[in-house]
Amino acid sequence: MTGQIMKRNKEDNMALYSEKVMDHFRNPRNVGVIEDANGIGEVGNAKCGDIMKMYLKIEDDVIKDVKFETFGCGSAIASSSMATELIKGKPVSDAMQLTNKAVAEALDGLPDYKMHCSVLAEEAIRSAIEDYKKSAEKTAQQ
Ligand code: FES
C-alpha cells in the first residue's frame, strides 16, 4: 500500500515537468569538462546549497564550446543543459543577457518551487564569462 502511494506521488510529481524538462534531464546536452576552457565559473545555490561548474571555450568573443558539471537536482540538470544549448555559438554579449526566466521558458516552464534551480546555470555562465574577461585583461596588460 505504502509502495503504491509512493509510486503515485512520484508519478504526480513527474507530471509537473514538461516533456522538454524530462528530455534534457534524461539526456543532458554538454555535460563534462573542457580541458582548455578559457572561462570557468563555479557557483553555489543560496537556497539549496547545490553546486554548478561551467566551462567555456571562447574565440573571437563567440562561445565555441560550453560544458557543465552539477551536483544540482533534475531541474538544475535540465536548466543547465538548455542554457548551454542556448548560448553555444552565440556572442559573449548575448550569453551575458541569458536569464533563468528565458531558460525556464525554453523548457516550457518549471514548477515555481524549482525556479531557484535554474538560477544556477545563469549565474555559472556569468561567472565563467567574468573569469574569461579577467584573464583576457591580464593577457592584454602583459
Ligand atoms: Fe538544488 Fe535544484 S534543489 S539545484
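The values are calculated or read from the model by the stated rules, or taken from the named source; none is laboratory data. Because the structure is a prediction, the values reported are computed rather than measured. Methodologically, a virtual Cβ is constructed for each residue, glycine included, from the backbone with ideal geometry; neighbour enumeration extends over all protein chains shown.
For the reader, a short list of remarks on this structure follows.
- A residue that is under 18 Å from residue 136 (Cα atoms) and crowded, with 16+ Cβ neighbours inside 10 Å occurs nowhere in region 74-87.
- In region 88-137, of all residues being β-branched (Val, Ile, Thr) and over 18 Å from residue 34 (Cα atoms), the one that is surrounded by the fewest Cβ atoms within 10 Å (Cβ to Cβ) corresponds to 99.
- Test: residue in region 21-35 that is among the β-branched types (Val, Ile, Thr), over 17 Å from residue 117 (Cβ atoms) and at pLDDT 95 or above: yes
- Test: residue in region 25-42 that is assigned to a helix (DSSP H, G or I), under 27 Å from residue 15 (Cα atoms), touching an Asp or Glu at 6+ places or on another chain (Cβ under 6 Å) and within 13 Å of the ligand (Cβ to nearest atom): no
- Sole residue being modelled with pLDDT of 95 or more and among the small types (Gly, Ala, Ser), chosen from 76, 121: 76
- Scope region 28-43; condition under 14 Å from the mean Cα position of the chain (by Cα) and without any contact (Cβ under 8 Å) to a residue 60 or more places away in the chain; matching residues: 28, 29, 30, 31, 32, 33
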